[in-house]
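**Q** First the structure, then my questions, so here it is.
The values are calculated or read from the model by the stated rules, or taken from the named source; none is laboratory data. Quick caveat: nothing in here was measured; it's all calculated off a predicted structure. Quick reminder, even Gly has a Cβ in these numbers, built from the backbone with ideal geometry, and neighbours come from all protein chains shown.
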Amino acid sequence: MGDSEWISTSVPYLSASPGARGDVWAAEAAAEGRRGSQRIVQAGEVEAPGAVAELLGTRAGQSVVARRRIMYLDGEPCELTDTYYPVDIAGGTGLAGTARIPGGAIRLLADLGHVGVRVREDVTARQSTEYERKQLCLTAGEPVLQLTRLTLDDTDRPIQVDVMAMPPRRQKLRYEIRIG
């Protein structure tokens, strides 16, 4: 992989490794000789945006727990990630705060008895918003890729929705699927 291209796979973000203590994003970047970091910009209960409410099986405007982060690769902003959880799962937990979560959010969810077993991801291209242009240092009219990930437990209950925006330049999303 050259310095100008980033290849990301979703698999490390879907299950908690036993004894995992570090930041999955930082570990993925480090494995490629890069430096990944993140800043939690906001966390707590918010009104669910319509699309998120639909994915979580709630009403638009109903309270959900959200964590808004800016992801950095080698010190440069490369992705905005908003993660949403049902309040009855995440309310009053570390997911509702801005502090780092030892072992990560997936580990905390598993410790709370919520393990994702099925994931659906949708990737679309769209025009960037003013907020995205400012945070990702984009020019006017520059598009973003939006990856929306829904994680369900073994009863098909939605436990997490991630909405990520990233500039398409230098991005390559990799999906590997094992059948059987």
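**Q** So is Val65 in contact with a Leu (Cβ under 9 Å, 6 or more places away or on another chain), touching a residue at least 24 places away in the same chain (Cβ under 8 Å), farther than 21 Å from Leu145 by Cα and surrounded by fewer than 17 Cβ atoms within 10 Å (Cβ to Cβ) or not?
**A** no
**Q** What residue, among those in the range 3-58 that are assigned to a helix (DSSP H, G or I) and at pLDDT below 55, is surrounded by the fewest Cβ atoms within 10 Å (Cβ to Cβ)? Write out each step before concluding.
**A** Restricting attention to the range 3-58, the residues satisfying the condition of being assigned to a helix (DSSP H, G or I) are 11-13, 24-31, 50-56.
Okay, now just the ones that are also at pLDDT below 55, so 11-13.
Working: Val11: 12, Pro12: 16, Tyr13: 19.
Selected residue: Val11.
**Q** Scanning for something surrounded by 13 or more Cβ atoms within 10 Å (Cβ to Cβ), at pLDDT below 90 and on the phi > 0 side of the Ramachandran plot, does the range 163-172 turn up at least one residue?
**A** Scanning the range 163-172 turns up at least one residue that is surrounded by 13 or more Cβ atoms within 10 Å (Cβ to Cβ), at pLDDT below 90 and on the phi > 0 side of the Ramachandran plot.
**Q** Related question: Could you list, in sequence order, all residues of the range 40-62 that are touching a residue at least 24 places away in the same chain (Cβ under 8 Å) and of a type in the set (D, E, K, R)?
**A** Passing the criteria: only Glu45.
**Q** Inspect all residues belonging to the range 70-89 and state whether any of them is in contact (Cβ under 8 Å) with a residue 60 or more places away in the chain, under 21 Å from Ala31 (Cβ atoms) and aromatic (Phe, Trp, Tyr).
**A** no
**Q** Next question, about the same structure. Could you please give the count of residues in the range 83-117 that are in contact with a Lys or Arg (Cβ under 7 Å, 6 or more places away or on another chain) and either of a type in the set (Phe, Trp, Tyr) or under 15 Å from Arg149 (Cα atoms) (or both)? Step through it out loud before you land on a result.
**A** So the first thing to find is which residues in the range 83-117 are in contact with a Lys or Arg (Cβ under 7 Å, 6 or more places away or on another chain), and the list is 83, 95, 102-103.
Right, trim to either of a type in the set (Phe, Trp, Tyr) or under 15 Å from Arg149 (Cα atoms) (or both) and you get 83.
Number satisfying all stated conditions: 1.
**Q** Would you check if Ala140 is over 24 Å from Ile40 (Cα atoms), in contact (Cβ under 8 Å) with a residue 24 or more places away in the chain, of a type in the set (A, V, I, L, M, F, W, C) and surrounded by fewer than 13 Cβ atoms within 10 Å (Cβ to Cβ)? Give the derivation first.
**A** Working: over 24 Å from Ile40 (Cα atoms): yes; in contact (Cβ under 8 Å) with a residue 24 or more places away in the chain: no; of a type in the set (A, V, I, L, M, F, W, C): yes; surrounded by fewer than 13 Cβ atoms within 10 Å (Cβ to Cβ): yes.
Judged against the criteria, Ala140 is not a match.
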